[in-house]
């Protein structure tokens with residue numbers, strides 16, 4: 001009987017585990033020195049990295065457009081005028097056979113981006129039960145728009161760009177639409193002629209332009225996607241995509257154009273014509289229109305860290321002829337889908353974040369890492385979200401007394417959760433009786449918006 005009373009007395013004994021806490025009002029300067037606040041050196045490092053990434057993206061987008069213009073120049077006949085497309089004889093001379101190989105390269109240049117997108121979609125989504133198949137109407141509309149898109153690219157690359165000046169090709173890249181006679185498009189089915197593959201070698205004059213285009217367009221797309229995912233969209237995506245047209249036109253000057261090996265020599269001479277001034281004026285006007293219709297909204301549209309491609313772009317994949325224009329038009333922004341940004345802002349303001357963690361026999365270093373991370377999370381959410389964190393310590397009390405592991409946690413809190421006033425940030429711990437053990441709970445107090453811990 002006495003032992004039973006003693007057991008009841010020991011079980012009802014709950015010591016008051018307290019931590020010195022007093023309300024604190026941290027100033028703005030104090031919050032900037034918090035654990036969760038990025039230092040000035042980290043901000044400068046991110047700025048430098050974003051600018052370096054932007055330079056690489058700018059180089060890739062410019063090289064892709066330059067190589068595409070140079071590649072289609074090899075389709076131009078030896079004479080200035082461009083004749084109607086006629087069936088090509090298999091006994092044609094060497095210039096005609098070189099043009100047929102170039103046409104094969106152009107076909108592959110147009111097919112590779114769509115092939116990459118098709119393989120990705122089949123690998124990631126086609127055979128997953130959780131991803132529904134499109135509605136028949138949506139499938140028909142998508143197929144029709146795809147045919148229109150591919151037809152427009154074929155007309156532009158096989159018929160229009162070989163017959164105009166390179167400056168006008170740059171101008172056409174910023175034009176919304178270009179009509180051309182569909183009857184003028186060659187339909188020679190060059191990819192089924194086996195004898196052309198024997199001439200598809202590195203010695204062909206257009207091979208370097210083809211390799212540069214395929215490599216630069218793919219690398220530029222991957223890096224542009226990466227820049228948007230890591231929130232470097234301004235310097236790493238929007239600004240390089242806008243400046244790529246200017247850089248492309250600047251390279252086509254006679255002094256720079258003649259020093260590059262992958263550009264057709266005819267492209268440098270055609271900039272000496274009288275129409276060059278008109279091409280530059282029209283190109284600058286269309287570039288200004290492009291800035292206020294697409295680039296400006298992309299620059300002002302924030303993103304969340306590590307967003308998927310479906311949240312960043314309307315369409316998957318990229319374009320190897322006009323990569324910058326394709327990515328700018330495909331990028332989601334406030335103008336094209338403002339509902340997502342409005343919903344995202346409301347969700348961010350009305351969010352209450354709960355984090356619950358458990359401890360048992362962790363080392364002192366592991367406890368310090370957890371508390372440092374929780375404090376960094378709490379202080380980074382000040383003014384944005386309501387944050388609350390709880391630590392449940394399994395086996396923290398033995399017969400009503402705190403264990404050595406719980407005491408170790410209290411000692412770590414003393415040096416981990418102190419602010420600039422040497423005050424511990426946190427709430428008093430409480431003990432919750434479990435069926436077989438006691439669990440002292442150490443909560444961080446709720447952090448309401450616009451109020452620090």
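The values are calculated or read from the model by the stated rules, or taken from the named source; none is laboratory data. None of these values were measured; they are calculated from a predicted model. Here Cβ is always computed from backbone atoms with ideal geometry, including for glycine, and neighbour counts include all displayed protein chains.
The single condition among (1) more than 30 Å from residue 250 (Cα to Cα); (2) under 25 Å from the mean Cα position of the chain (by Cα); (3) at pLDDT 75 or above that residue 109 does not meet is (1). Can you find, within region 331-341, the residue that is surrounded by the fewest Cβ atoms within 10 Å (Cβ to Cβ) among those that are outside any loop (DSSP other than H, G, I, E, B) and in contact with a helix residue (DSSP H, G or I) (Cβ under 9 Å, 6 or more places away or on another chain)? Of everything passing the filter in region 331-341, 340 is surrounded by the fewest Cβ atoms within 10 Å (Cβ to Cβ). Report the residue count in region 371-397 for those that are assigned to a strand (DSSP E or B) and modelled with pLDDT of 75 or more. Looking only at that region, the number is 7. A count restricted to region 229-247 and to residues that are part of a helix (DSSP H, G or I) and either over 20 Å from residue 292 (Cα atoms) or free of Cβ contacts under 8 Å to residues at least 40 places away in the same chain (or both) stands at 1.
Restricting attention to region 266-318, the residues being surrounded by fewer than 18 Cβ atoms within 10 Å (Cβ to Cβ), modelled with pLDDT under 75 and within 21 Å of residue 50 (Cα to Cα) number 3.
Of the residues 208, 160, which single one is modelled with pLDDT under 85 and in a helix (DSSP H, G or I)?
160
Quick check, is residue 218 surrounded by fewer than 21 Cβ atoms within 10 Å (Cβ to Cβ), modelled with pLDDT of 85 or more and within 25 Å of the chain's Cα centre (by Cα)? In short, yes.
Note on region 112-144: residues that are assigned to a helix (DSSP H, G or I) and under 25 Å from the mean Cα position of the chain (by Cα) amount to 16. Pairs meeting the criteria (first residue in region 406-419 and assigned by TED's automatic domain parsing to the domain that holds residue 367 and within 10 Å of residue 367 (Cβ to Cβ), second residue loosely packed, with under 13 Cβ neighbours inside 10 Å and at pLDDT below 75, beta carbons under 7 Å, at least 6 apart or on different chains) are lacking.
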